[in-house]
Amino acid sequence: MACKNLEIDFIVQDDNPEMASVEGDIVANLEKIGIQVNTKFLNNTEYRDAEVNGDYHLLFTRTWGAPYDPHSYMASWAVPSHVEYSAIGNLQPPLTRESLVERIQKVQTELDETKIASEWRSIMEDVHAQSLFLPLWGTRIPYVLNRRLIGFAPASQAYSIPVQSIQVASGSKSVTIAPGVGALFSSTGPINPHQYSPNALWAQDWIYEGLVSYGQDGGIVPALATSWEVNPSTDGGQIATFQLRENVLFHDGTPFNCSAAVLNLDHVLSDVVKQRHQWFGAGKHLKSWTCNGESELVLETSSPFYPLLQELTYIRPLRFASPSAFAEGLDSDPDLHNSCESGDFGSKWDRLEDDVKCMGLSAPIGTGAFKFVSRNVAEDGSDDEVVFAGNEQYWGQKPGIETLTAVQYGSVEEVEAALMAGDLDMAMGIGPLSAKQVQEMKFRHSDMFDVRHSDVIQHSLLVFNGNKAPMDDIAVRRAVIHAIDKSTFIEEKFAGLEEPVTQLLPKSAPYCNVDLSPKWGYDLEKAELICAQGTLESAPSAELSGGAIAGIVIAATIGVAMIGLIARMIQRERSGKPLFAPAKSEIS
């Protein structure tokens, strides 16, 4: 395997400043071992198509973060619409994609904590050994707020931009925001809580709520349900009974009750539509949802499923829209008037519309702390701005912001200029500002801005397409891993905001506090050796940790010494002068 003869495609999303900042360093690193990298900067649609179709060798992405890691993120690997599906298409024996997916699904039906932890450890060790992922850095979500705003608390959940707790200390209660969950804001989409892209997660989160929410340190806290019980069922599954919050209104004044909840469940989990939610374990395991009056909802699963409550905290697809937004209200048939938006299933799932009529929702109407007001659409179909208003009838803490406007900017420089001029109040999430700009605001303009960061929620990483030559060769993947000097470019490009990581998932995620080895680190000599020798077998040092190599050296040294000692003993015995002769007093 001569690396200088290899050529690979590196897929980068064109509006993601994190990706753009490190792309050149990765290309330069791989040039040192002779690999030619063709970088393709793609728009969001093209990037998703490359993921789905496996049209990449190397692709930048992130884990899903809390509360999705590890179970939902890794369950999604079974779905062709996710990049990891193609990545694991050609695993090193005896592991196969089918056997790995089966193990990931099976562990989620276990209820014994010790067995769950043991099996997740085994799964993560096996995935780590495949060298299909190069973890780069742990992502902390940045937030920059004008100091006229107070009371903000960073998110504990990925893709959320929590603005509900913010209070206005001075000035207008009309507030502007540049939001981002990986790129600059361009559109919220229709803000349908039951579907994926182009719907913006943060906007769905502002408008809609579920039964429970994801709290600090992974706690499950009440939302539209005030309490719940989960018990075994007589047929081997589980029964979860939720007491629903009373006197809650949707933004249009429609009461929230069990009938509204069941309507939403009927549409999301219809036999046809739930095929789009294959990654969503709750959808697979739930077999019935019924009402005991309008204040009690009963969910029943077909088998045990330990992440049930955690999955009910997700921003989508099981949050509740007002019945009035459905095509036929409470009488909307899941097959004839489904809440799905036509064309929004994604290219791999267009076939579903042969069996269901997608009528969409007439408007984004939920029970959340903010309600949708209007949008200003640009000539290219994107949103110049989208206006939300605080929900004055909200059942919880009333928002301190009266009007909240999400504004589109063309570049991170434009965002920075608007903040400095006072025309923009907040830049929230990953995308609106570069890491260096965030640090500049924090250390040089602290009089103007309150800069916060979440804990590490996700890991940023490179994914290798193990189903496409030359990345189907584990030796090539190991060479690439050891050739990338991530510590250097992370320090240079992120100004101390992010730190390198060595394994796929954050150790803070459930069951992920596992020390995996070997540590995939920068070692140019090792990368060159693998390239020169061509296989891992002929370059054993590429597979062994430093401790293992040291152990081999010590063992070899002791072996040589023992051989010498034995030879000397034989020679002395033959000459009548044994090396270990007994003392004279012991001779009988």
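Computed from phi, the 3J(HN,Hα) profile of the range 216-229 under the Karplus parametrisation 6.51, -1.76, 1.60 (θ = phi - 60°) reads 4, 6, x, x, 8, 10, x, 10, 7, 10, 8, 7, 7, 9 Hz, with x in place of Gly and Pro.
Compared with the dominant Cα axis of the chain, that is its longest principal axis, helix 435-444 is turned about 80°. Around the amide H of THR403, modelled in the peptide plane, lie the amide H atoms of SER174, VAL175, GLY390, all under 5 Å away and 5 or more residues distant in sequence or on another chain.
Overall, the anisotropy analysis places the range 1-61 in the oblate class: the square-rooted eigenvalues a ≥ b ≥ c of its C-alpha gyration tensor yield a/c not less than 1.5, with a/b not exceeding b/c. Rounded to the nearest 0.05, the FRET efficiency derived from the C-beta distance between GLN92 and ASP350 at R0 = 45 Å is 0.85. Looking at the chain alone, DSSP beta bridges between its own residues are antiparallel in about 75 percent of cases. Per-residue extension of 0.36 nm, minus the Cα-Cα distance of ASN5 and SER288, leaves a gain of 96.2 nm for this segment.
Between SER374 and LEU336, the modelled labels are 3.7 nm apart [label points 7 Å from Cα along Cα→Cβ]. In this structure, the residue pairs whose Cα-Cα separation is over 20 Å, taken from LYS106/LYS519; LYS486/LYS519; LYS115/LYS507, are LYS106/LYS519.
Database remark: amide H of ARG375 closer than 5 angstrom to the amide H of VAL387 (H placed geometrically; neighbours at sequence offset of 5 or more, or on other chains; Pro and chain starts carry no H).
FRET efficiency for the pair GLU125 and SER303, taken as 1/(1 + (r/R0)^6) with r the Cβ-Cβ distance and R0 = 25 Å, rounds to 0.45. Please work out whether the range 205-325 counts as rounded, prolate or oblate from its C-alpha gyration tensor, where a ≥ b ≥ c are the square roots of the eigenvalues and a/c under 1.5 means rounded, while otherwise a/b larger than b/c means prolate and anything else oblate? Judged from the Cα gyration tensor, the range 205-325 comes out rounded (a/c under 1.5).
Electrostatic tally near ARG48: other residues with Cβ closer than 12 Å to its Cβ, Lys and Arg +1, Asp and Glu -1, net -3. A simple count of charges around LEU504, restricted to other residues whose Cβ falls under 15 Å of its Cβ and scoring Lys, Arg +1 and Asp, Glu -1, yields +1. The separation of the range 321-397 from the range 55-85, counted between C-alpha centres, amounts to 26 Å. Couplings 3J(HN,Hα) for the range 155-160, derived from phi with the Karplus relation 6.51 cos²θ - 1.76 cosθ + 1.60 (θ = phi - 60°), are 6, 9, 10, 5, 6, 9 Hz, where x marks Gly and Pro. The value of relative contact order for the chain, using C-alpha pairs under 8 Å at least six residues apart, is 23 percent.
Between GLU402 and THR114, the distance separating the two model label sites (each 7 Å from Cα on the Cα→Cβ line) works out to 6.1 nm. Net charge of the neighbourhood of LEU336, taken over other residues with C-beta under 9 Å away and scored Lys/Arg +1, Asp/Glu -1, is -2. Modelled label positions at GLN393 and ASN247, each set 7 Å beyond Cα in the direction of Cβ, lie 1.4 nm from each other. For TRP137, the residues 5 or more places off, or on other chains, whose built amide H falls under 5 Å of its own are SER460, VAL501. Counting only DSSP H runs of at least 4 residues, each contributing -39500 (n - 2.57), and dividing by the residue count of the chain, the helix-based mean residue ellipticity at 222 nm comes to -8500 deg cm²/dmol. For the chain, find the longest principal axis of its Cα atoms and tell me its angle to the long axis of helix 113-129, 0 to 90°, nearest 10. With rounding to tens, the tilt is 70 degrees.
FRET efficiency for GLU440 and ALA169, Cβ-Cβ distance as r, R0 = 30 Å, nearest 0.05? Computed FRET efficiency for GLU440 and ALA169 comes out at 0.80. Computed from phi, the 3J(HN,Hα) profile of the range 391-406 under the Karplus parametrisation 6.51, -1.76, 1.60 (θ = phi - 60°) reads 8, 5, 9, 4, 6, x, 5, 5, x, x, 8, 7, 10, 10, 10, 8 Hz, with x in place of Gly and Pro.
Rounded to the nearest 10 degrees, the inclination of helix 546-574 to the longest alpha-carbon principal axis of the chain is 20 degrees.
Two decimals is fine: what is log10 I(q)/I(0) at q = 0.10, 0.11 Å⁻¹ for the chain, from a Debye sum with one equal scatterer on every Cα and no solvent? Cα-only, vacuum Debye calculation for the chain: -0.90, -1.08.
On the principal axes of its alpha-carbon atoms, the range 350-479 has extents of 58, 56, 36 Å, going from largest to smallest. Our note on the geometry: Cα centres of the range 157-187 and the range 473-521, 31 Å apart. Which of rounded, prolate or oblate describes the range 1-152 when judged by the alpha-carbon gyration tensor and an a/c cut-off of 1.5? Oblate shape, in that a/c is at least 1.5 and b/c is the bigger or equal ratio.
Cysteine residues of the chain whose C-beta has no other cysteine C-beta under 4.7 angstrom: CYS512.
No lab work stands behind these numbers, since they all come straight from the coordinates. The model shown is predicted, which means the values in this text are computed figures rather than measured ones. Heads up, the Cβs are rebuilt from the backbone with ideal geometry, glycines too, and the neighbour counts pull from every protein chain shown.
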